[in-house]
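Single-structure report; data block below.
The values are calculated or read from the model by the stated rules, or taken from the named source; none is laboratory data. The model shown is predicted, which means the values in this text are computed figures rather than measured ones. Methodologically, a virtual Cβ is constructed for each residue, glycine included, from the backbone with ideal geometry; neighbour enumeration extends over all protein chains shown. Heavy atoms of the whole protein, side chains included, go into the accessibility calculation; ligands, DNA and RNA do not. Shrake-Rupley method; radii C 1.70, N 1.55, O 1.52, S 1.80 Å.
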Amino acid sequence: MADDGGRSARVTVVGGGVVGLTCALQLARAGHTVEVRAADAVADTTSAVAAALWFPYRAFPAESVLRWGARTLTVLTDLADDEATGVRLLPGTVVHRTPEPDLWWGEAVVGHRPATPDELPAGAPAGTRCTLPVVDMRRYLTWLLAACRSAGVEVVTTQVDRLSAVPGDVLVVAAGLRSGPLLDDDTGVPVQGQVVRLADPGLPGWLLDEDNPAGLTYVVPRGDDVVVGGTAVAGATGREPDPEVERAILERACSLVPELRGAPVLSRAVGLRPARPTVRLDRTLVDGRPVIACYGHGGSGVTLSWGCADDVVALV
Ligand SMILES: Cc1cc2nc3c(=O)[nH]c(=O)nc-3n(C[C@H](O)[C@H](O)[C@H](O)COP(=O)(O)OP(=O)(O)OC[C@H]3O[C@@H](n4cnc5c(N)ncnc54)[C@H](O)[C@@H]3O)c2cc1C
């Protein structure tokens, strides 16, 4: 510990995806000396595959998710003022397929309202309109990494096999799906998601249709491309895009957003969402040293990142 009454510590964050980097940035801003140890380059993380729309999906418990999500929504909204962050505020529609949709997330979203019939895609019975942050993860992760470095965070590319081998007064484990093995926790489950990125035909907004009878469907324009998804297959671990799955994704998306028909495919990806019965955010002792766990964000790592980072700083 530094000689400042114990308020400043040497903290090592294991993991350099959106969760680890956001924690590292906030810890450095709080005055700690921070090092990140990450096995992969940011471009090779699950975070780089995210669409990424601010929206809670496959993360629990609802009460904490709402609190972390609301905080993140405020920060991302502020970041949208700076083009370099890759964050934009964009209107869009959440499609509802049930008579009484559960808008539990709406508490965090100012100004959401029922969609008018002309705002709904073909075949959608109802929906909610709102403006939310859309995060271009290529630019955002680059910005986040640069923000970490300018706050004094050292980022080291290395695989951690045992926490005992990691230096620091306090450790933060934010290694996504591979956090569990470091902490003897086997409750993590990959939820595989496939996306295809098309040239953006100039779509004015995003679309989210979670309960589409043909399968999860979302369309998230980012200016130069549009992320089209998706799938959510619990337990699947493959990382290769499946052409048949892609064909079905495109069919669903084009029937809802016909402007996408014929848009050239720019790239495709598969990512494994780090799901868990609940997000783990707690403090334990490992070999007598404090370890803060922050993982299991499922399909909401971007959506919860700033709120969770605040809690991690408080626990450190
Ligand atoms: C198709 C798809 C779409 C998505 N869309 C959205 C969306 O619209 N909005 C949203 O909020 N979320 C979305 N998500 C979810 C989001 O991507 C994840 O919740 C988020 O990326 C998790 O971030 P993370 O930092 O915990 O994990 P990761 O991004 O997986 O990062 C883990 C980090 O830990 C490192 N690491 C792992 N093991 C070790 C080790 N042993 N030693 C050292 N380093 C290690 C890795 O190298 C990496 O740096 C989507 C996910 C997918 C797959």
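Only Cα pairs under 8 Å and at least 6 apart count here; give the relative contact order of region 181-284 as a rounded whole percent.
About 39 percent, as a whole number.
How big is the Kirkwood radius of region 261-306, worked out from every pair of different alpha carbons and given in Å to one decimal?
Numbers: mean 1/r = 0.0740 Å⁻¹.
Result for region 261-306 stands at 13.5 Å.
Zone of residue 214 (label point 7 Å along Cα→Cβ, backbone N under 15 Å): which residues in region 100-126?
Residues 121-125 qualify, since their backbone N sits under 15 Å from the label point.
Can you give the calculated 222 nm mean residue ellipticity of the chain, where each DSSP H run of n ≥ 4 adds -39,500 (n - 2.57) and the sum is split over every residue, rounded to the nearest 500 deg cm²/dmol?
Computed mean residue ellipticity for the chain: -7500 deg cm²/dmol.
For region 1-94, max minus min Cα coordinate along each principal axis, in Å, sorted largest first?
52, 31, 29
When the Kirkwood hydrodynamic radius is evaluated over all pairs of different C-alpha atoms of the chain, what value in angstrom, to one decimal, is obtained?
20.0 Å
Counting other Cβ atoms within 10 Å, which trypsin sites (Lys or Arg not before Pro) in region 89-191 have at most 15 and lie in a DSSP loop? Walk me through the intermediate numbers first.
Details: sites: 97, 129, 138, 139, 149, 162, 178; in loops: 97, 162.
Here the sparse-neighbourhood loop sites are 97, 162.
In whole percent, what relative contact order does the chain give with Cα contacts below 8 Å and a gap of six or more residues?
On the way: 719 pairs, mean separation 84.9, N = 316.
RCO, the chain: 27 percent.
Rolling a 1.4 Å sphere over the protein heavy atoms, what is the accessible area per residue of the chain, to the nearest Å²?
Per-residue accessible area for the chain comes out at 43 Å².
Using only the alpha carbons of region 1-160, what is the convex hull's orientation-averaged projected area in square nanometres? Show your work: numbers first, answer last.
Numbers: hull surface 47.1 nm².
Hull-based average projected area comes out at 11.8 nm².
How large is ³J(HN,Hα), in whole Hz, for each residue of region 36-48 in order, when computed from phi with the Karplus curve 6.51 cos²θ - 1.76 cosθ + 1.60 and θ = phi - 60°, using x for Gly and Pro?
9, 10, 10, 6, 10, 5, 4, 5, 9, 8, 4, 4, 6
With a cap of 11 neighbouring Cβ atoms within 10 Å, and only residues DSSP puts in a loop, list the trypsin sites (Lys or Arg not before Pro) found in region 2-83.
7
Provide, in order from the shortest bin, the percent of all Cα-Cα pairs of region 198-316 in each 5 Å bin, continuing until the bin that contains the maximum pair distance.
With 5 Å bins starting at 0, P(r) equals 2, 10, 16, 17, 16, 12, 10, 7, 5, 3, 1, 0.
When the accessible area of the chain is split by element with a 1.4 Å probe, what percent falls to carbon and sulfur?
Carbon and sulfur atoms account for 52 percent of the accessible area of the chain.
For region 10-315, what is the charge dipole size about the Cα centre, in debye to the nearest 20, if Lys and Arg each add +1 at the Cβ and Asp and Glu each add -1 at the Cβ?
Details: 27 positive and 36 negative charges, 70 e Å.
It comes to approximately 340 debye.
Just want to confirm a number: the relative contact order over region 1-160, from Cα pairs under 8 angstrom separated by 6+ residues, in percent.
Reported as a whole number, the value is 32 percent.
Which whole-Hz couplings ³J(HN,Hα) result when phi for each residue of region 284-295 is put into the Karplus expression 6.51 cos²θ - 1.76 cosθ + 1.60, θ = phi - 60°, listed in order with x for Gly and Pro?
Listing the rounded values in order: 10, 10, 10, 6, x, 10, x, 10, 9, 8, 8, 7 Hz.
Which net charge results when you count Lys and Arg as +1 and Asp and Glu as -1 among the other residues whose beta-carbon is under 9 Å from that of residue 212? Don't skip to the answer; put the middle values down first.
Details: positive: 97, 252; negative: 209, 210, 211.
In short, -1.
PRE reach from residue 156 (point 7 Å along Cα→Cβ): which of region 20-53 fall under 13 Å by backbone N?
Only 34-39 fall inside the zone, counting backbone N under 13 Å.
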